[in-house]
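Shown next, in structure tokens, is the structure this report addresses.
The values are calculated or read from the model by the stated rules, or taken from the named source; none is laboratory data. The structure presented is a predicted model; accordingly, all values stated were derived computationally and were not measured. As a convention, Cβ positions derive from the backbone with ideal geometry for all residues, glycine included, and neighbour counts pool all protein chains shown. In case anyone asks, the SASA skips ligands and DNA or RNA and just uses the protein heavy atoms, side chains included. Shrake-Rupley method; radii C 1.70, N 1.55, O 1.52, S 1.80 Å.
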Amino acid sequence: MMAGTQGTLIRLSVAIGILVAIGAAATGASLFEAKLPRGIDFILENSPTPQKHLIETMPGGVALLDYNNDGLLDIFFVNGGRLTSPLPTPDDFDRHDRRYWNRLYRQNKDGSFTDVTEQAGLANAGDGNYGMGVAVGDYDNDGYPDLYVTSYGKNILYHNNGDGTFTDVTAKAGVAGGGWSVSAGFFDYDNDGKLDLFVTRYMEWDTKHSKDCGGNFHTYCPPEAFPATTNILYHNNGDGTFTDVSQRSGIAAKKGRALGVAFADYDGDGFTDIFVANDGMQQYLFHNNGNGTFTELGLEAGAALSEDGRRLSGMGVVFQDYDNDGRPDIIVTELPREIYGVYHNDGGGSFSYRSLEAGLGVLSSGSSGWGIGLEDFDNDGWKDLFVAQGHVLDNVEQIDPSLHYLELPLLAMNHNGRFERLDSGGTTPVAGRGAAFGDLNNDGWEDVVMTSLGGHPQVFMNNGGNAGGKAGGKAHWLVISLRGTRSNRDGYGARVQVNGQTRFATSAGSYLSASDKRLHFGLGAAEKAKVEIMWPSGIHQTLNEVHADQFLEIREPEKQ
């Protein structure tokens, strides 16, 4: 998490951007209203200590999922744990107390939420675990979303029993991991119809070797103060168990300091690829070779460094098409004095660095970004950008008065591939971390749930595009749920095109978080849509004259 030197062009752009930002306040009312829905009382307990244990500043994830299949999105929050000084040996983060539990909130029909953590069987997070992130996917294709929770310590796989409860099946499944796991995601890398699991790990760190850094000020250490480590790939065996294939797949051949992860088929060969956001080093793009192995091609593809060859402090990542050319692009969040990295997919397996052209030199040079999403918030047919922000160092103002620990999130509207700031609706700066995206109230407008260290989450409810929209007149929408038959039931890995827009089906991405698996498309003035789906099985499906403003489930045909 250390910024490198900037090239002359980038330095100039940043300087101009800061002056422009100071001289021009964002105009117009916000799309969002920041509120805390009734019934949500969660606080992200990261337990900061004078010893500056690095794990304190890294949690925590959030997931949007419909765990009981009632048509309403529920919210799952990952908590940190209790840190004491000195730390006990062996590690014990004392998560018996309710304040340190992970929490599941069931949404009620009136938009309020009920804490169902205990009755759902999710109260025991493990005293040896300090919580990080969450992944969501139906790994056994039974129609109910399962939860995978990452931690410093061991990870937990919770099987959804379909009756409102979950069972810890980690030991049977063989997916406990170990070390410091961060983000995770379900995806089907071999297109066998069963969801596999990828887990990022940050570094070789443990509480016995924890230290603080800095000169006159105690600070959290940069990533290079600790050794790099490997990520984990688990193959789904189809019988409730997984096999660790990290070695034989080639994933373990590359050590890194991984935080965020996202999936898409960037070269159109029909196999899902993996992008890993590494902190303080080059980024990793694992190309899926289609035979159960991966080759890391970040440098060769042009998606590993900045335009001037500088390493990135990669944290969160989104792997979707921001300019409507049909190919998935990559945006990576970073630290201040850096610029959020935009890697444009040029086709042919190559990317070009487009941060300045996309407007992010102006928007991101003074901020620290974490959770991130590309969603069409004003339903005009272009995916907009939302970033959870807040510095790593809780005493950064003492070190550099020009920076801030607490920040407002970034909302940037997409104008033909260039992003322009709009008021996010947030009024209280926080140390933002995780961010998940979905339509909480089923009104056709995407909402955001963001976690903040030491505080309540912030829920950004989309007010229906009353301000800032550019579609003109009524802006229409379409939300698609995929039902795989030959492919995995969630349809993860499918390529879906609607009226010239493309989305790659996934719940993974952002930072530590899992978004609604439903695919949201803004249609602008169009009242009908053409929908084309390329399923992971290879089946191509087309639906014509689909009416706008509906939630549509599309079932994969059994045969072409």
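Kirkwood hydrodynamic radius of the stretch 78-133, from the reciprocal of the average inverse Cα-Cα distance over all distinct pairs: 12.3 Å. At the listed q of 0.10, 0.12 Å⁻¹, the Debye profile of the chain, built from one uniform point per Cα, gives log10 I(q)/I(0) equal to -0.74, -1.12. Cα centroid separation, the stretch 475-491 to the stretch 37-101: 31 Å. Between Trp180, Ala264, Ser537, the Cα set farthest toward the positive side of the dipole of the chain (charges on each charged residue's Cβ, about the Cα centre) is that of Trp180.
Glu204 contributes an accessible area of around 90 Å² to the protein surface, as traced by a 1.4 Å probe with all chains present. Find the eigenvalues of the gyration tensor of the Cα atoms of the stretch 107-191, then list the square roots of 5 times those eigenvalues as equivalent ellipsoid semi-axes, largest first, in whole angstrom. Working through the eigenvalues yields semi-axes of 22, 18, 12 Å.
Put +1 on the Cβ of every Lys and Arg and -1 on every Asp and Glu Cβ in the stretch 412-560; which of Met413, His456, Leu440 then has its Cα farthest towards the positive end of the dipole? Among Met413, His456, Leu440, the one farthest towards the positive end of the dipole of the stretch 412-560 is Met413. For the chain, the carbon plus sulfur part of the accessible surface works out to 49%, probe radius 1.4 Å. Using a ≥ b ≥ c from the Cα gyration tensor of the stretch 339-465 (square roots of the eigenvalues), is it rounded, prolate or oblate, where a/c under 1.5 gives rounded and otherwise the larger of a/b and b/c decides, a/b for prolate? In terms of gyration-tensor shape, oblate.
Per residue, the accessible area of the chain comes to 34 Å², computed with a 1.4 Å probe over protein heavy atoms only. Modelled this way, with points 7 Å down the Cα-to-C-beta line, the labels at Asp549 and Arg38 are 2.8 nm from one another. Placing unit charges on the Cβ atoms only, positive for Lys and Arg and negative for Asp and Glu, gives the stretch 258-312 a dipole magnitude near 200 debye about its Cα centre. Distant-in-sequence amide contacts of Lys211, defined by a placed amide H-H separation under 5 Å and a gap of 5 or more residues or a different chain, comprise Leu54.
Thr295 sits among other residues whose Cβ lies under 13 Å from its own Cβ, and their net charge, with Lys and Arg +1 and Asp and Glu -1, is -4. Here r is the Cβ-Cβ distance between Phe217 and Asn289 and R0 is 56 Å; the resulting FRET efficiency, rounded to 0.05, is 0.75. What separates the Cα centres of the stretch 257-298 and the stretch 337-397 is a distance of 19 Å. As a check on your grasp of the helix formula, calculate [θ] at 222 nm for the chain: sum -39500 (n - 2.57) over DSSP H runs of n ≥ 4, divide by the residue count, round to the nearest 500. It comes out at -1500 deg cm²/dmol, rounded to the nearest 500. Using the Karplus relation 6.51 cos²θ - 1.76 cosθ + 1.60 with θ = phi - 60°, the per-residue 3J(HN,Hα) values for the stretch 308-323 come to 9, x, 8, 5, 10, 8, x, 10, x, 8, 10, 10, 9, 8, 8, 10 Hz, with x marking Gly and Pro.
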